There are 2 protein chains.
Amino acid sequence: MEIHPYYNADIHGPYARFELGDFTLEDGGTLRNAHLAYHTLGTLNASKDNVILVPTWFSGTSRIMIDVYTGEGRALDPARHFIIFVNQIGNGLSSSPHNTPSPFDGPNFPRVRIGDDVRAQHRLVTEHFGISRLALVVGGSMGAQQTYEWAVRYPDMVARAAPIAGTAANTPHDVIFAQTLMDTITCDPLWAGGDYPDSHAVRAGLRRHARLWAVMGFSTEMFRKARWRELGFSSLDDFLVGFLDAYFLPMDPNDLLCMAWKWQRADVARHTGGNLAAALERIRAKVFVMPIDEDMFFPVRDCAAEQALIPGSELRPIHSEFGHLGLFGLEPSYFEQIDRHLGELLALPA
Amino acid sequence: MEIHPYYNADIHGPYARFELGDFTLEDGGTLRNAHLAYHTLGTLNASKDNVILVPTWFSGTSRIMIDVYTGEGRALDPARHFIIFVNQIGNGLSSSPHNTPSPFDGPNFPRVRIGDDVRAQHRLVTEHFGISRLALVVGGSMGAQQTYEWAVRYPDMVARAAPIAGTAANTPHDVIFAQTLMDTITCDPLWAGGDYPDSHAVRAGLRRHARLWAVMGFSTEMFRKARWRELGFSSLDDFLVGFLDAYFLPMDPNDLLCMAWKWQRADVARHTGGNLAAALERIRAKVFVMPIDEDMFFPVRDCAAEQALIPGSELRPIHSEFGHLGLFGLEPSYFEQIDRHLGELLALPA
């Protein structure tokens, strides 16, 4: 397969492939010759109790999780932990619409759910690494959805969990928001039902997609204070183009749509016949629920309502005027807060 | 001119026309044979000191202002007040892209600013009614933008002002939000640069427009609590179609775009060389600034920052989990709050 100009190791850092073979999905489809792209840092210790699993968010890859969430002297420290960064299905590095051979590529790529990701990751963790317990699962946004799915689906395997800026059951508001994101792409005539000649053809749709993230991804305070200046941009338009368009325009539209569909349907209550409280009661992990206080679509109160249903959990809000996309680590105080909470969580006995 | 299936008195109630003649606009264009559509309730008293002016918001007409904001025994009571409901330019009843004769119709309709509306309204008030002072100007959203413009442009004419859920200077976040709204329509190939055969041709764009209002127009709490049930809808989809699509689909796309462009550029600081504080200092009216606490795009803090710059003003937040579109009066508590604040404002000497 030819090298994609965006989904490659030059841009996203080195990653290994874990082969899943023909992987049957919860919605009935099969991912043939499926794989997970992952990367590890650190060393597995003898007792195998220093393992941290880090899944990815919508549009993100292992690269940003490595860059923003780990480092020497950080709470997630490769000197002490064995950290597995795993790319979600559809993100362009793991099996995705754009990198799957015909005829299951593009718009024919089967429907994937958060539960599929976590089952695939479970195989990576158990079969490939022989690991039976995770000291911590931590992820943001759709990574939080996977974190919750891990804690509910495999309660005895997860010692600690830190869902950041995300919920265990997607909210109706998020269903609608994600749909409007999808619509920005699918309304592009050049998307052509997913059969576009190359992803750059759909750049008008991708640009609309990027601009809608501008509306919902940050906070009104960020814009009021023009805090995009801190990121090196000279004007609001310069920021919209230089940050958001630059980020989304290189991506594959069908890959984004695959993830958005999955995001919409995340719900741990699928394990308990729709009973969210019963699902969250299954959790044995020590959980820090970490919403971002200025998040416009995973607001603290939605996260707090779930946290109240998780035995022994704590609500640990993060302050960031960058809102949801504060997840990108756009200010020093974000790093400090993440490390403080994750450090305290990791210090708890489990 | 033929009767438009949506912009007519059967749907929006009776209205009169005030002829503006050839009206030169702030951006340089001319509205030829321009008119304002307006309706009045109540009787002008002998001292002409019982006049209330009520402009309209984006997509709204005088009808909803009459239905939701006035009534017997209400703070705005036709038994005591002479109330002028005036439709903003571009809203489909006053001069608008769809009702202007060729060649200045549709995409050729000139750029209109909030200041143009207020200058036209000033002529209606002074020339037609011979009124030199307004006891109150009150409006929501873009109606608040017009309210602020009145208080800054004609400080000696406005005794009291109540901007609800809107700002005096549009915020950067709102500029971006309004742009995404515009893009939902203009990206429709059938919009055709504004030269669509009839507005129904652009219904895909209008539906996207409606759905984006679902994301930003309410609050996450409204959706979490499924408060659309109170409005008589049976499911989330039933609400999206039955409320939002039903509301926006009959409208004219170019009319909406005309208003959105105007919304983006509202700024009373145009009177003072960009100095917002200096503009707001000009206000002589007693002002109650009335943001809605769950508003996602005119948040309380943005409104409060402006209120702090207005001499003698008060911040009077309205609680509504319906968010910005709480303006539609979707719950009894909204009426009670509006009447309490406006009643207290009207009781103040001025």
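Listed values, structure above:
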| read-out | value |
| --- | --- |
| Tally, over segment A:182-237, of residues that are β-branched (Val, Ile, Thr) and at pLDDT below 95 | 0 |
| Enumeration of residues in segment A:272-288 that are touching a helix residue (DSSP H, G or I) at 6+ places or on another chain (Cβ under 8 Å), open to solvent by 50 Å² or more (accessible area, probe 1.4 Å) and free of Cβ contacts under 8 Å to residues at least 12 places away in the same chain | A:ASN275 |
| Test: B:PHE239 is aromatic (Phe, Trp, Tyr) and in contact (Cβ under 8 Å) with a residue 40 or more places away in the chain | no |
| Positions within segment A:90-133 being of a type in the set (A, V, I, L, M) and either closer than 18 Å to A:PRO14 by Cβ or touching a Lys or Arg at 6+ places or on another chain (Cβ under 8 Å) (or both), in sequence order | A:LEU93, A:VAL112, A:ILE114, A:VAL118, A:LEU124, A:ILE131 |
| Residue match in segment A:324-337 (condition: in a loop (DSSP other than H, G, I, E, B) and among the acidic types (Asp, Glu)) | yes |
| Residue list for segment A:2-32, restricted to those being in contact (Cβ under 8 Å) with a residue 24 or more places away in the chain and touching a Leu at 6+ places or on another chain (Cβ under 8 Å) | A:TYR7, A:HIS12, A:TYR15, A:PHE18, A:LEU20, A:PHE23, A:LEU25, A:LEU31 |
| Count of segment A:289-323 residues which are buried (at least 23 other Cβ atoms within 10 Å of the Cβ), assigned to a loop (DSSP other than H, G, I, E, B) and of a type in the set (Asp, Glu) | 1 |
| When residues of segment B:53-72 are limited to those that are touching an Asp or Glu at 6+ places or on another chain (Cβ under 9 Å) and without any contact (Cβ under 8 Å) to a residue 40 or more places away in the chain, the one surrounded by the most Cβ atoms within 10 Å (Cβ to Cβ) | B:THR70 |
| Matching residues, segment B:115-134, being open to solvent by 10 Å² or more (accessible area, probe 1.4 Å) and hydrophobic (A, V, I, L, M, F, W, C) | B:PHE129 |
| Elements of type helices (runs of 4 or more DSSP H) contained in segment B:213-288, each with 1 or more residues being away from chain A (no Cβ under 14 Å) | B:253-264, B:276-281 |
| Residue within segment A:217-231 that is farther than 26 Å from A:ALA192 by Cα, touching a residue at least 40 places away in the same chain (Cβ under 8 Å), in contact with a Gly (Cβ under 9 Å, 6 or more places away or on another chain) and among the polar types (S, T, N, Q) present | yes |
| Unique match (being under 24 Å from A:PHE297 (Cα atoms) and either open to solvent by 10 Å² or more (accessible area, probe 1.4 Å) or touching a Pro at 6+ places or on another chain (Cβ under 9 Å) (or both)) among B:LEU212, B:LEU231 | B:LEU231 |
| From the options B:LEU93, B:LEU31, residue that is more than 22 Å from B:SER141 (Cα to Cα), crowded, with 19+ Cβ neighbours inside 10 Å and not hydroxyl-bearing (Ser, Thr, Tyr) | B:LEU31 |
| Qualifying residue in segment B:294-305 (condition: closer than 18 Å to B:ASP174 by Cα and more than 14 Å from chain A (Cβ to nearest Cβ)) | no |
| Residue match in segment A:259-271 (condition: basic (Lys, Arg) and surrounded by 23 or more Cβ atoms within 10 Å (Cβ to Cβ)) | yes |
| Residue match in segment B:153-167 (condition: closer than 30 Å to A:ASP245 by Cβ, within 14 Å of another protein chain (Cβ to nearest Cβ) and open to solvent by 10 Å² or more (accessible area, probe 1.4 Å)) | no |
| Positions within segment A:187-208 being assigned to a helix (DSSP H, G or I) and within 10 Å of another protein chain (Cβ to nearest Cβ), in sequence order | A:PRO189, A:ALA204, A:GLY205, A:ARG207, A:ARG208 |
| Selected residue [among the hydrophobic types (A, V, I, L, M, F, W, C) and under 14 Å from the mean Cα position of the chain (by Cα)] from B:LEU93, B:LEU44 | B:LEU93 |
| When residues of segment A:96-114 are limited to those that are in contact with a strand residue (DSSP E or B) (Cβ under 9 Å, 6 or more places away or on another chain) and open to solvent by 50 Å² or more (accessible area, probe 1.4 Å), the one nearest to A:ALA16 (Cα to Cα) | A:PRO101 |
| All positions within segment A:169-183 that are touching a residue at least 12 places away in the same chain (Cβ under 8 Å), of a type outside the set (A, V, I, L, M, F, W, C), assigned to a helix (DSSP H, G or I) and facing chain B (nearest Cβ under 8 Å) | A:HIS173, A:GLN179, A:THR180 |
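The values are calculated or read from the model by the stated rules, or taken from the named source; none is laboratory data. This is a predicted model, so every value here is computed, not measured. Every residue, glycine among them, receives a Cβ derived from its backbone with ideal geometry; neighbour counts consider all protein chains shown. Just so you know, the surface numbers come from the protein's heavy atoms only, side chains and all, with ligands and any DNA or RNA stripped out. Shrake-Rupley method; radii C 1.70, N 1.55, O 1.52, S 1.80 Å.
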